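Just so it is clear, none of the values below were taken in a lab; they were calculated from the coordinates. Keep in mind that this is a model prediction, so the values were computed, not measured. When we count neighbours, we look across all protein chains shown, and the Cβ atoms used for this are built from the backbone with ideal geometry, even at glycine.
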Amino acid sequence: MKSPFARGSESTLLLTGLILTLAAWARGRLPRPAGTLLLLLLAPLSALILFFFRDPDRPIPGGEGLVVAPADGEIVAVDRVDEPLFIEGPAVRIGIFMSIWDVHVNRVPLAGEVRLVRHVPGRFLQAFRPEAAEVNEHLLTGIETGRGRVLVKQIAGILARRCVGYVSVGEPVQRGQRLGLIRFSSRVDVYLPPGARPCVGLGDRVQAGSSTLARLPTERE
């Protein structure tokens, strides 16, 4: 049976459980007002941590050339850029900002084979700032698909200090498969081949794995 919590969150969840257990133990030994107050403070914090690390199942849509959102959140960028590292030329970039209330498990946008996994050190600016996509610490995952190369950039934010990857170079991946986890509010950018047609606009909200982000041309187009 699959855990309802994100892979990579085990140590945090264990620590949360230990803190709650100690708070309940202390409540029985401290003077009643102090012990009760301690438990009342820690219980909501623990509930928030459990909520943050949730990992719900998602329906994955089918369709030729369909690209699904790699992250939950709000669309903050839809533009054309030059991506020299993996796509090596013009690309369509779609950026998604994840608030602390969004599910932070990221997913594979399109089936293919992982050709690049690279961690890049950097700064920790607020993830919604435009420059954060370029200067913040991030994890790159490049996927070779049957319709061109796709690059996913998991970007750390002012609170997000760790990007956790689930895949490795040479691994085949499926659309909607779990790709990784970013701890706390952050951003994910996806770079698509220049012929991609975005299906979202600024301010739209998407869900990882189940929302259609863009479409790539089919062989008949």
## Note on the structure
For region 191-202, in residue order, the Karplus 3J(HN,Hα) values (coefficients 6.51, -1.76, 1.60; θ = phi - 60°; whole Hz; Gly and Pro = x) are 10, 10, x, x, x, 5, 10, x, 10, 10, x, 4
### Task
Give the long-range amide H neighbours of VAL78: residues separated by 5 or more places, or on another chain, with amide H under 5 Å away, using H modelled in the peptide plane at 1.01 Å from N.
GLY95
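Peptides 193-199, 97-103: what's the order by average Cβ count within 10 Å, highest mean first? If you can, show how the numbers build up before the last one.
Numbers: 193-199: 17.0, 97-103: 18.9.
So the peptides 193-199, 97-103, ranked by packing, come out 97-103, 193-199.
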### Length gained when the stretch ILE100-GLU64 is fully extended (0.36 nm per residue, less Cα-Cα span)
9.7 nm
### Query
Where the Cα atoms of region 51-97 are projected onto their three principal axes, how long is each span, largest first, in whole Å?
38, 28, 18
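Give me the extension gain from THR12 to GLN174: residue separation times 0.36 nm, minus the current Cα-Cα distance, reported in nm with one decimal.
Values: separation 162, 0.36 × 162 = 58.32 nm, distance 2.80 nm.
Separation in residues times 0.36 nm, less the Cα-Cα distance, equals 55.5 nm.
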### Task
Could you run the Karplus curve 6.51 cos²θ - 1.76 cosθ + 1.60 with θ = phi - 60° over region 66-81 and give me ³J(HN,Hα) per residue in whole Hz, x for Gly and Pro?
7, 10, 9, 5, x, 8, 6, x, 9, 6, 10, 7, 9, 8, 10, 9
### Query
Which three extents, in whole angstrom, do the alpha-carbon atoms of region 66-215 cover along their principal axes, largest first?
36, 30, 27
### Query
Which value in nm describes the separation of the simple spin-label points at GLU113 and ASP79, placed 7 Å from the Cα toward the beta carbon?
3.4
### Query
What ³J(HN,Hα) values, in whole Hz, does the Karplus curve 6.51 cos²θ - 1.76 cosθ + 1.60 give for region 142-149 when θ = phi - 60°, with x put for Gly and Pro?
x, 10, 8, 10, x, 10, x, 8
